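Notes for the one structure printed next.
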Amino acid sequence: MQSTILSVTLRSLCGLITAAILMAEVRGQDPAEPPAAVVGVTPAGIQRFSPGGWSSIAVNGSNPADSDCEVTVSVYLDDDPSLQFSKRLWLPAGGRRTTWLPIRIPENTSVERRQVTLSSMRLMESERGEEFAKNAVGMPITKRSLMLTEEEINTAVMFGHYEGEGVDLSQEAIDDIYRTVHAGRDDVLESSLDLNLIDLSTNFLPPTPRALDELDQIVLASDQILRDSAGLTQLREWLYDGGRVWIMLDHVGEGVVRALAGDAIGHTEVDRVALNDFQIETLDVLAAGSTAEQWSSESPVEMVRVLADVEDVTCRVDGWPAAFWQPFGRGEILLTTVAARGWLQDGRPTQAFHRLSTRFFDHRNSLATVTGTPLQPSAAMTPILEHQIGYSIPSRIWAGAVLGVNALVILAAGCWWTRRRQLERLAVLIPISAIASAVVLMQVGNRQVKSVPSTMATGQIVRVYDSIDEAKVSTIRAIYSQNTADVGLVSDYGTMTLPSGIDGSDGTTRIRWDDSGKSQWQGSPQPPGVVRYAHSESNIPLATPITARGTFNERGFQARIQGLGSRGCEDAIIIAQPSPATAATIKRQGDSPPELTGTIASVLAPDQFVAGALLSDVQQLRQQALRQMLASPSQSPFGSEPSVLA
């Protein structure tokens, strides 16, 4: 409860400070001049920042004038203006607005400093070009500090209510949930910082790409997320990329589960009962059995009795599932049917809850966490794109031939002048021969570069959520230009594009968002004769969800694929790591859904992902990409569940 009051107090204090600054700027205006719009930035949303990670800040604007206007605010971090993040927003006459701005903390920032400087400035267009507008104290730049967290585990909770489904929470229920979550965290974590839980109940989630990256787990104790369609997409993407979600079924309706995970979780509510005394059975994997403990209290706790079609049931009460897990991509979902107070006995975690907390309160299982670097699955496709561009380095034969001729000329001349006792002439020949060889190599390289036209090759990995009309798309673009060019990468709403080489680049590079959610990179020219890459992540809607439902029979595995439409597929495989992949065929018969078949005889050798002894160039590159993506189960971008790749 104390953390809730503190969170609200800090939020209110930040709002008062921001309002005071805005009023000071307006009052400091010359009466002869028309009132000018004022804009500032404050931490908001998740309010957690770590080196190399994305987060969001709030942009607050005020326009006291009688006409609408547009303003631009730009921020940079760690006193390094070479990489800036900016927002252009519309302000109505006499009104105020708050919007979001994504920022990325530089990777080379030392977390030992515990804070990083955020510098913000308002930009104006004039006849002389881009200029700074002064803030309340007459300075062009406003600075503030952001707290850095890296090793700490960040937990968020949602308590808000959405009319139409679920159960509204009383203050007593909220207090019980807070105590239970705190008890679980304190039972298994040792942290150098005493960070509060992040309360997401009062606001929508930031509608910016990768806004939840700094979270490790989220506790859902309401159906609030149903009213936030953009936030639901963010939550699903974060979960698929390794997040953990705890769904308290005594407070969350089935609609939230379906909206978040589709048909991945099969459960049906039977009824609700109040229990004063019950026994919790916890599965003990090491002992190949279960342990039991008794819980009792004068105040009963509620339990939702459900039928669950899942394999990983950790706890049971009277044979009914009390806690069970469901993998979702690289992440997983914990669902509990016993109210929060039922996991504590005399204010301390039960043995069952200790087992759940050890697994739940852990770092997010994202690829960046596992590998130590922000790894995009599309990065494995770079050789395929280079093959499409046709860009190649001159072969070693050319270099060897030129250098060989150079050596033979010097050797022959040396032998001749030795016989004539004129070795001093080598002092002239060697530099001339070296310069000639260098000129030849430069001409060969230049011809190689000029022979390839300016090209942009694109590769995509589309990951389909089970029974959900949405897909996650990882895109990589290989950009090649014969001359220096301003590519001007533009992305639509909900898409994050990150070109390579932005950290430590020369000059000023800026990504600017507008009110429509579109973004554009500015000041990041494409160098001549070099292949440069740009990664992007997005979610796209599907006309119908794509699902594969099948059975095992004497032939192997057979499934019908719904929602594929007229899309063509080749080199399909079924993966269930760490087992070897199985080659599959996808056949169409008339208007009926395509049929996928994988037989025992089509099981591939380890480290083989394309069937056949003789592979084409494209198939070899495809297999190389899959080997990189599936090098180990812990680094697979597709999670631990069986998947079909085609």
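The values are calculated or read from the model by the stated rules, or taken from the named source; none is laboratory data. Keep in mind it's a predicted model, so treat the numbers as computed, not measured. Here the Cβ is made from the backbone with ideal geometry for all residues, glycine too, and neighbour counts use every protein chain on show. Keep in mind that these areas ignore ligands, DNA and RNA; they rest on the heavy atoms of the full protein, side chains included. Shrake-Rupley method; radii C 1.70, N 1.55, O 1.52, S 1.80 Å.
Observations on the structure shown:
- Residues of segment 257-270 that turn out to be part of a strand (DSSP E or B) and buried (at least 18 other Cβ atoms within 10 Å of the Cβ), as a count: 1
- Selection within segment 320-353 - closer than 25 Å to residue 171 by Cα and under 29 Å from the mean Cα position of the chain (by Cα): 323, 334, 335, 336
- If only residues of segment 225-250 that are in contact (Cβ under 8 Å) with a residue 40 or more places away in the chain and hydroxyl-bearing (Ser, Thr, Tyr) are counted, the one that is surrounded by the fewest Cβ atoms within 10 Å (Cβ to Cβ) is 233.
- Elements of type strands (runs of 3 or more DSSP E) in segment 27-116, at least 2 residues being open to solvent by less than 60 Å² (accessible area, probe 1.4 Å) and either at positive phi or touching a helix residue (DSSP H, G or I) at 6+ places or on another chain (Cβ under 6 Å) (or both): 38-43, 54-63
- Filtered residues of segment 351-396 (kept if under 18 Å from residue 621 (Cα atoms), touching a Gly at 6+ places or on another chain (Cβ under 7 Å) and at pLDDT 75 or above): 381, 384, 385
- Subset of segment 323-354 (residues that are assigned to a loop (DSSP other than H, G, I, E, B) and more than 25 Å from residue 366 (Cβ to Cβ)): 337, 339, 346, 347, 350
- Test: residue in segment 271-284 that is at pLDDT below 90 and either outside any helix (DSSP H, G or I) or touching an Asp or Glu at 6+ places or on another chain (Cβ under 9 Å) (or both): yes
- Test: residue in segment 612-625 that is acidic (Asp, Glu), in contact (Cβ under 8 Å) with a residue 24 or more places away in the chain, open to solvent by 50 Å² or more (accessible area, probe 1.4 Å) and more than 27 Å from residue 379 (Cα to Cα): no
- Applying the criterion of being of a type in the set (S, T, N, Q) and outside any strand (DSSP E or B) to the residues of segment 464-487, the residue that is modelled with the lowest pLDDT is 467.
- Scan segment 596-636 for residues that are part of a helix (DSSP H, G or I) and out of contact with any Phe, Trp or Tyr (no Cβ under 6 Å at 6 or more places or on another chain) and the total you get is 17.
- A count restricted to segment 542-594 and to residues that are in a strand (DSSP E or B), in contact with a strand residue (DSSP E or B) (Cβ under 8 Å, 6 or more places away or on another chain) and open to solvent by less than 60 Å² (accessible area, probe 1.4 Å) stands at 16.
- Once segment 488-512 is narrowed to residues that are open to solvent by 50 Å² or more (accessible area, probe 1.4 Å) and at pLDDT below 75, the residue that is farthest from residue 121 (Cα to Cα) is 501.
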